[in-house]
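> Pasting a structure here, questions to come.
The values are calculated or read from the model by the stated rules, or taken from the named source; none is laboratory data. Keep in mind that what you see is a predicted model, and the values were worked out from it rather than measured. With ideal geometry, Cβ positions are generated from the backbone for all residues, glycine too; neighbour counts draw on all protein chains shown. We work out accessible area using only protein heavy atoms, side chains counted, and drop any ligands, DNA or RNA first. Shrake-Rupley method; radii C 1.70, N 1.55, O 1.52, S 1.80 Å.
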Amino acid sequence: MSTDDTETTASTESKCGASSSTDGETGSESKCGATKTETSSESKCGASSPTDSSTSKCGASSDDGDEQEVGSTVEDFDGDPGRLVAVGLGPGEAEGMTTRAKTALADVEQIVGYTTYVDLLPDDITDDAEDIYSTPMCGEVSRTEEAIDRALAGNDVAIIGSGDPNVYALAGLALEILESKGGTASMVDFEVVPGVPAAQSCAARVGAPLVNDTVSISLSDHLTDMPTIESRLHATAKEGFTIAIYNPWSRKRRENFEKCCEILLEHRDADTPVGIVHGAGRDDEQVEIATLGELPELGETDLIDMTTTLLVGNEETYVWDDRMVTPRGYETKYDY
């Protein structure tokens with residue numbers, strides 16, 4: 001089904017079946033039948049966002065009062081709740097989805113997700129869904145609450161994400177918001193359907209770089225300040241772990257990538273292998289193995305952006321036959 005109209009804020013028809021007024025009307029119904037608060041300019045099933053907001057919710061500067069708040073509670077919904085399933089889509093292509101994920105999506109009535117992830121869904125899943133609701137970047141809180149409120153209104157709902165729901169994703173947020181509404185996980189039969197995380201799917205493209213201890217770090221995590229990320233990078237690089245770096249480059253945070261390279265080169269040799277996988281499993285996939293010394297200049301190319309995962313080898317990682325290899329340690333105990 002088409003999702004072209006799912007980002008319209010002045011919808012006159014509820015995504016949950018209840019009627020709703022155009023946005024900005026005080027006390028009008030939310031998209032699941034809950035009541036909007038007076039400060040809300042647009043409800044996403046009860047989510048409240050201040051009308052004086054002038055900045056982004058995802059990394060740009062904001063005023064102290066510019067925080068999203070939960071706009072409805074379990075008491076605002078009548079009838080029996082439905083189900084809520086957090087589904088990981090894996091790397092991107094339909095073949096990368098697990099059978100369990102496909103089954104879960106086929107069993108729900110409605111799907112909620114980031115627009116880019118909705119576009120990755122196979123046609124047979126989108127065609128069979130009763131309704132699909134999507135939001136662009138930075139809508140994490142509003143779309144998660146949308147999914148919860150749809151479930152509380154009696155629908156069977158899936159909230160989707162790439163990779164795995166427990167890796168830089170929304171499974172935890174869903175439980176937090178559900179708790180804040182006075183609900184319980186068992187109330188909506190909450191379930192997490194795992195998917196292949198980006199680090200694993202990207203590692204498969206470049207060989208076997210994650211065979212030993214590995215730490216994942218997101219550089220463009222708007223929920224974590226850069227000094228904290230820098231501290232994690234220093235500690236991880238010192239310990240000699242293989243490092244999987246998510247979201248290495250964005251227009252607003254290019255300095256994060258530059259600082260990351262600086263920290264890594266402080267603790268690792270410049271010839272340390274780095275696997276670079278852009279758009280794993282998608283039409284624009286690119287794969288390259290470079291060295292840590294070459295990494296800074298690659299930040300200025302199309303190879304590295306928010307869809308790229310970097311796999312920085314440890315001190316024992318090497319390249320053999322165009323593949324990264326991180327020894328597990330068997331060579332110290334066995335002859336082969």
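> Can you name the residue in segment 301-319 that is within 24 Å of the chain's Cα centre (by Cα) and more than 14 Å from Val206 (Cβ to Cβ) and, of all such residues, is most open to solvent (accessible area, probe 1.4 Å)?
Asp302
> Is segment 208-224 home to any residue that is assigned to a helix (DSSP H, G or I), out of contact with any Cys (no Cβ under 7 Å at 6 or more places or on another chain), more than 18 Å from Gly90 (Cα to Cα) and polar (S, T, N, Q)? Steps first, answer last, please.
From segment 208-224, those assigned to a helix (DSSP H, G or I) are none; that's our starting set.
No: segment 208-224 contains no residue that is assigned to a helix (DSSP H, G or I), out of contact with any Cys (no Cβ under 7 Å at 6 or more places or on another chain), more than 18 Å from Gly90 (Cα to Cα) and polar (S, T, N, Q).
> Count, please, the residues in segment 152-185 that happen to be touching a Pro at 6+ places or on another chain (Cβ under 6 Å) and in a loop (DSSP other than H, G, I, E, B).
Applying the first criterion (touching a Pro at 6+ places or on another chain (Cβ under 6 Å)) to segment 152-185 yields 152, 163-164, 167, 171.
Then drop every residue that is not in a loop (DSSP other than H, G, I, E, B), which leaves 164, 167.
So the count comes out to 2.
> Just one of Asp127, Asp107 is loosely packed, with under 14 Cβ neighbours inside 10 Å and under 23 Å from Gly281 (Cα atoms); which is it?
Values: Asp107 fails: under 23 Å from Gly281 (Cα atoms).
Every option except Asp127 fails the conditions.
> When segment 86-104 is examined, which residues are found to be among the small types (Gly, Ala, Ser), over 19 Å from Ala199 (Cβ atoms) and touching a helix residue (DSSP H, G or I) at 6+ places or on another chain (Cβ under 9 Å)?
Residues of segment 86-104 that are among the small types (Gly, Ala, Ser), as a first pass: 86, 88, 90, 92, 94, 96, 101, 104.
Now restrict to residues that are over 19 Å from Ala199 (Cβ atoms): 94, 104.
Correct list: Ala94 only.
> Return a yes/no flag: does segment 150-167 have any residue that is open to solvent by 50 Å² or more (accessible area, probe 1.4 Å), out of contact with any helix residue (DSSP H, G or I) (no Cβ under 8 Å at 6 or more places or on another chain) and in contact (Cβ under 8 Å) with a residue 12 or more places away in the chain.
No, segment 150-167 contains no residue that is open to solvent by 50 Å² or more (accessible area, probe 1.4 Å), out of contact with any helix residue (DSSP H, G or I) (no Cβ under 8 Å at 6 or more places or on another chain) and in contact (Cβ under 8 Å) with a residue 12 or more places away in the chain.
> List pairs: first in segment 324-336 and free of Cβ contacts under 8 Å to residues at least 40 places away in the same chain, second hydrophobic (A, V, I, L, M, F, W, C) and surrounded by 10 or more Cβ atoms within 10 Å (Cβ to Cβ), Cβ under 9 Å, 6+ apart or cross-chain?
none
> Right, another one. Can you say whether Ser40 is at pLDDT below 80, out of contact with any Leu (no Cβ under 6 Å at 6 or more places or on another chain), small (Gly, Ala, Ser) and crowded, with 23+ Cβ neighbours inside 10 Å, as far as the supplied structure shows? Before the answer, list the steps.
Working: at pLDDT below 80: yes; out of contact with any Leu (no Cβ under 6 Å at 6 or more places or on another chain): yes; small (Gly, Ala, Ser): yes; crowded, with 23+ Cβ neighbours inside 10 Å: yes.
When the stated conditions are applied, Ser40 passes them.
> Any residue at all in segment 285-295 that's crowded, with 19+ Cβ neighbours inside 10 Å and within 16 Å of Ala203 (Cβ to Cβ)?
Checked against the condition, which is being crowded, with 19+ Cβ neighbours inside 10 Å and within 16 Å of Ala203 (Cβ to Cβ), segment 285-295 yields at least one hit.
> Name every residue in segment 225-249 that is in contact with a strand residue (DSSP E or B) (Cβ under 9 Å, 6 or more places away or on another chain) and part of a loop (DSSP other than H, G, I, E, B), in order of residue number.
Phe241, Asn247, Pro248, Trp249 - these are the residues of segment 225-249 that are in contact with a strand residue (DSSP E or B) (Cβ under 9 Å, 6 or more places away or on another chain) and part of a loop (DSSP other than H, G, I, E, B).
> If you take the residues of segment 130-142 that are surrounded by fewer than 19 Cβ atoms within 10 Å (Cβ to Cβ) and assigned to a loop (DSSP other than H, G, I, E, B), which of them is modelled with the highest pLDDT?
So in segment 130-142, the residues surrounded by fewer than 19 Cβ atoms within 10 Å (Cβ to Cβ) come out as 130-131, 136-138.
Next, from what is left, pick out any that are assigned to a loop (DSSP other than H, G, I, E, B): 130, 136-138.
On the way: Glu130: 96, Pro136: 87, Met137: 81, Cys138: 80.
Only one residue fits best here, namely Glu130.
> Tell me, which residue of segment 250-275 that is in contact (Cβ under 8 Å) with a residue 60 or more places away in the chain and buried (at least 22 other Cβ atoms within 10 Å of the Cβ) is farthest from Leu311 (Cα to Cα)?
Taking the candidates together, the pick is Pro273.
> Report every pair of residues separated by at least 6 positions or lying on different chains whose Cβ atoms are under 9 Å apart, first residue within segment 80-93 and basic (Lys, Arg), second assigned to a strand (DSSP E or B) and open to solvent by 10 Å² or more (accessible area, probe 1.4 Å).
Arg83/Asp156; Arg83/Glu191
> If you don't mind, another one. Tell me which residues, restricted to segment 320-336, are at pLDDT 95 or above and open to solvent by 40 Å² or more (accessible area, probe 1.4 Å).
Within segment 320-336, Trp320, Asp321, Asp322, Arg323 qualify.
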